[in-house]
Amino acid sequence: MTTTSTDHRIAPDAAGSGGLRLDGVTLTLGDGDSAVTALDHVGLGVAPGEFVAVVGPSGSGKSSLLAVAGGLQQPTSGTVHIAGTELTALSDKERTAARRRHIGFVFQQSNLLASLTVREQLLLPLHIDGRLGAAARTRADELIEAVGLTHRAGSRPHQLSGGERQRVGLARALMTSPAVLLVDEPTSALDRVRSAEAVQLIAEQTHERGTATIMVTHDTAIMDAADRVHEMVDGRLS
Amino acid sequence: MFLALRDLRFARGRFALMGAVVALIAVLGVLLSGLASGLADAGISGLRALPVTHMAFDEKATSEQFSRSTVEQGDWQAWSKAPGVERAEPFGNTLTNAQVTRGAKKGEQVNLAVFGMAPDSSLAPSPSRGTGLEEGSAGIVITREIADLGVEVGDVLTADKSEVRLKVVGLVDETVSYGHIGVAYADLDTWRHLHYGLPGDLPEAARRQATAVALTLEPGADVAVVEKATATRADTKETTFGASPGYTAESSTMALIKGFLYAISALVVGAFFTVWTVQRKAEIALLKALGAPTGYILRDALAQVVAVLVGATAVGTAVGLALGSVMIGKAPFSLSAPAIATSSGLLIGLGTVGAVVAVRRITAVDPLTALGATR
């Protein structure tokens, strides 16, 4: 697979000011004989407001795709652009700042902080960025309402169900109005009905707020909500 | 402190246990400081109260100088003429026993640390009750520890061996001790009777002797010449504390116990925060993935450490002070603000060092572990 053959997957307006674009991204883990190619010349464009699902078996490179797209890991070669900035050209410190301002992560099993209430989980990203003010509090309340948890705003993670936790994780990811939303196996802890609800909510928020969203999952049942679906096999995207 | 405070509240049971350990160590720190100051007071407060900078001893007396040294009249005369010497006065020191032979406590045995001095010298006491010393009158001025035994101004004590009758003429109402024995001030001849255990007339040679030359030196005075000429050695007043019976052993034992206490505390705090940080690894990875700089997480963790240490030390110190105030008078115990401040400061400081070593591992956490199901 070459970079040119992946051009059809780059949405027309993703290369400009918004969205996410990966070009010829290769990630090799380890070295010598034990080297593994986790991502093999991956090209992918996601426009603002577009919801892309990437499915594949475990070990196919889905998590590596999120790690590279989210600036958690530098690719061996290739480039990542986020909201018009070349993420792969930034220093470690700048990439950390880009993560906190432009990228929203929704983690597997939501990954909330045990000691914080729902409302505080949402305020945390803005506190980290030094922007915790009245506007942040208003936005937190608005997002909590958007994910239907107003009655749970003061609860801590251990008091929430799996589905509620996942919705908090989504709301937290949206707090900074990120250009890109990266969602890692959002339904691994949920039953079928809750899974469908959670993914539907992600799709709604993506369209409403104009984020470029990538969701990786091995659960083929939840792909209907996505605008596009790609399959990942052995580090290659089809 | 956004996360630190909320973690403190959420895991309050665990933090309370660790805080209790630090608080108990702080209690022990206050009590040990009080005991150390109390022992120091009992051991050397008499020397500390003397208005001198140095003491010159017979150069042959290298330890327990106060019982081994003898100086001659010629020595203090030579010292007082030497350059850089403001004052040089004879000082006598001896430990003796006496019996109350007149007074309410008749028959009572009393230990005395007798300081001998010329009544007109700068060393002479200023009694809060009664009168001062007078040459040749065999009057003594007692201090609080002796008064606490029931001895009063106007009582008469009779010294063992010499059978010298000592009339209590004055009282200094302060704890003034030497070697855990209350100080009694006497004129030089009375001191000589007690020191040599001689009644009646003193031999001529004894009348020209004292234990040491009490000196007030100008800062930076070079006294090598007069030291050589008189075969004496001038020690600073603080150095002479070590010559007081038991003082060095007591203070080094206390310092050793306190040192171990601080080391244990630092290790306990370090161990707690090591476990705590390891437990938080997933949350730290999450924070980093959310874009928190390592500095943000470290600051948060250290603020938590300092909050716990300061809080626990404050509680422990307060309890220690309450317990200590009960002990005053019942044991050699005194509360000194600088000693307690040092003790608390060390506890917080060394605890922080222990915790810093522990929370440093925050820097090594890889944000990548926030992805996937590796937890």
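Report the net charge of residues surrounding A:Arg131, where surrounding means a beta-carbon distance below 12 angstrom and charges are Lys +1, Arg +1, Asp -1, Glu -1.
Values: positive: A:Arg100, A:Arg101, A:Arg137, A:Arg139; negative: A:Asp129.
Net local charge, A:Arg131 excluded: +3.
Using per-residue counts of other Cβ atoms within 10 Å, averaged over each peptide, order B:265-276, B:176-187, B:87-98 from highest down. Could you put the intermediate results ahead of the total?
Working: B:265-276: 20.0, B:176-187: 25.4, B:87-98: 22.4.
The most tightly packed comes first, giving B:176-187, B:87-98, B:265-276.
Under the definition of partner shielding as Cβ atoms of other protein chains within 10 Å of a residue Cβ, what is the mean value for peptide B:362-371? Let's see the in-between values first.
Numbers: counts 0, 0, 0, 0, 2, 8, 7, 1, 8, 16.
The shielding value for this peptide is 4.
Angle between the Cα long axis of helix A:118-128 and the longest principal axis of chain A, 0 to 90 degrees, nearest 10?
Approximately 60 degrees, to the nearest ten.
Using a Cα-Cα cut-off of under 16 Å, which lysines could be cross-linked to B:Lys106, ignoring same-chain neighbours fewer than 8 residues away?
Of all the lysines, those that pass the test against B:Lys106 - Cα under 16 Å, at least 8 places apart if same chain - are B:Lys167.
Relative contact order of chain A: what whole-number percent is it, with Cα pairs under 8 angstrom and at least 6 residues apart? Mind showing how you got there, number by number?
Values: 506 pairs, mean separation 70.0, N = 238.
Relative CO of chain A lands at 29 percent.
Over the whole of A:111-120, what's the average partner chain Cβ count within 10 Å per residue? Rounded to a whole number, please. Intermediate values should be presented prior to the final figure.
Details: counts 9, 2, 10, 7, 10, 6, 1, 0, 0, 3.
Across the residues of A:111-120, the mean count of other-chain Cβ atoms within 10 Å is 5.
Take every DSSP beta bridge with both residues inside region B:60-230 and express the antiparallel ones as a percent of the total, to the nearest 5.
Details: 30 of 40 bridges.
Of those bridges, close to 75 percent are antiparallel.
Which of the listed residues, B:Ala221, B:Ser126, B:Tyr178, is farthest toward the dipole's positive end in region B:60-230, when Lys, Arg count +1 and Asp, Glu count -1 at the beta-carbon?
The residue sitting farthest along the positive end of the dipole is B:Tyr178.
Pairs B:Lys60/B:Lys105; A:Lys62/B:Lys288; B:Lys81/B:Lys161; B:Lys60/B:Lys161: which exceed 31 Å Cα-Cα? If you can, show how the numbers build up before the last one.
Details: B:Lys60/B:Lys105 42 Å; A:Lys62/B:Lys288 20 Å; B:Lys81/B:Lys161 37 Å; B:Lys60/B:Lys161 28 Å.
Result: B:Lys60/B:Lys105; B:Lys81/B:Lys161 exceed 31 Å.
From the residues B:Gly92, B:Gly116, B:Gly197, which one has its Cα farthest along the dipole of region B:60-230 in the positive direction, the dipole being from +1 and -1 charges on Cβ of Lys/Arg and Asp/Glu about the Cα centre?
B:Gly197
Pairing the Cα long axis of helix A:192-209 with the longest principal axis of chain A, what angle in degrees results, from 0 to 90 and rounded to the nearest 10?
With both axes taken from Cα atoms, the answer is about 80 degrees.
Around B:Gly170, what is the net charge, scoring Lys/Arg as +1 and Asp/Glu as -1 over all other residues with Cβ under 13 Å from its Cβ?
Details: positive: B:Arg129, B:Arg144, B:Lys167; negative: B:Glu134, B:Glu152, B:Asp155, B:Asp173, B:Glu174, B:Asp187.
Net charge around B:Gly170: -3.
Run the simple label-point estimate for A:Ala135 and B:Leu323 please: 7 Å along Cα→C-beta, distance reported in nm.
In this crude spin-label approximation the distance works out to 5.5 nm.
Using +1 on the beta carbon of Lys and Arg, -1 on that of Asp and Glu, and nothing else charged, what's the dipole of region A:165-238 about the Cα centre, debye to 20?
Details: 8 positive and 11 negative charges, 55 e Å.
Roughly 260 debye, rounded to the nearest 20.
Applying a 10 Å radius around every beta-carbon, put A:223-235, A:48-60 in order of their mean neighbour count, most first. It would help to have the intermediate numbers written out before the result.
Working: A:223-235: 16.9, A:48-60: 19.5.
Top of the packing list down: A:48-60, A:223-235.
When only Cα pairs under 8 Å and 6 or more residues apart are kept, what is the percent relative contact order across chain B? Please report the intermediate quantities before stating the final value.
Working: 723 pairs, mean separation 106.2, N = 375.
Reported as a whole number, the value is 28 percent.
Between helix B:247-279 and chain B, what is the angle of the helix's C-alpha long axis to the longest principal axis, kept within 0 to 90° and rounded to the nearest 10?
Rounded to the nearest ten degrees, it is 10.
Give me a single rounded figure for A:175-184: the average over its residues of other chain Cβ atoms within 10 Å of their Cβ. Kindly include the intermediate steps, with their values, before the conclusion.
Numbers: counts 1, 2, 0, 0, 0, 0, 0, 2, 0, 4.
Mean partner shielding for this stretch: 1.
A:Gln159 versus A:Ser177, label points 7 Å from Cα toward the beta carbon: distance in nm?
3.1 nm
What does the extension gain come out to for B:Glu135 and B:Val21, with contour length at 0.36 nm per residue minus their alpha carbon separation? Write down the numbers at each step before the final one.
Values: separation 114, 0.36 × 114 = 41.04 nm, distance 5.87 nm.
Gain on extension, B:Glu135 to B:Val21, equals 35.2 nm.
Pull up all non-local amide H partners of A:Gly210: gap of 5 or more, or a different chain, and H-to-H distance under 5 Å with H placed in the peptide plane.
A:Gly49
At a Förster distance of 35 Å, what's the computed FRET efficiency of B:Gln77 paired with B:Ser336, Cβ-Cβ distance as r, to 0.05? Working shown, then result.
On the way: r = 39 Å, r/R0 = 1.11.
The calculated FRET efficiency here is 0.35.
Give me the net charge for the shell around B:Gly132: Cβ to Cβ below 12 angstrom, other residues only, Lys and Arg +1, Asp and Glu -1. Write down the numbers at each step before the final one.
Numbers: positive: B:Arg129; negative: B:Asp120, B:Glu134, B:Glu135, B:Asp187.
In short, -3.
At what distance in angstrom do the alpha carbon centres of region B:123-180 and region A:92-129 lie from each other?
77 Å
How do the peptides B:244-257, A:96-109 rank, highest first, by the average count of neighbouring beta carbon atoms within 10 Å per residue? Please list the in-between numbers first.
Values: B:244-257: 15.4, A:96-109: 22.9.
Put in order of decreasing packing, that is A:96-109, B:244-257.
None of the figures in this text is laboratory data; all of them are computed from the coordinates on show. If you're wondering where the values come from, they're calculated on a predicted model, not measured in any experiment. For neighbour counting, all protein chains shown are included, and Cβ atoms are generated from backbone atoms with ideal geometry for every residue, glycine included.
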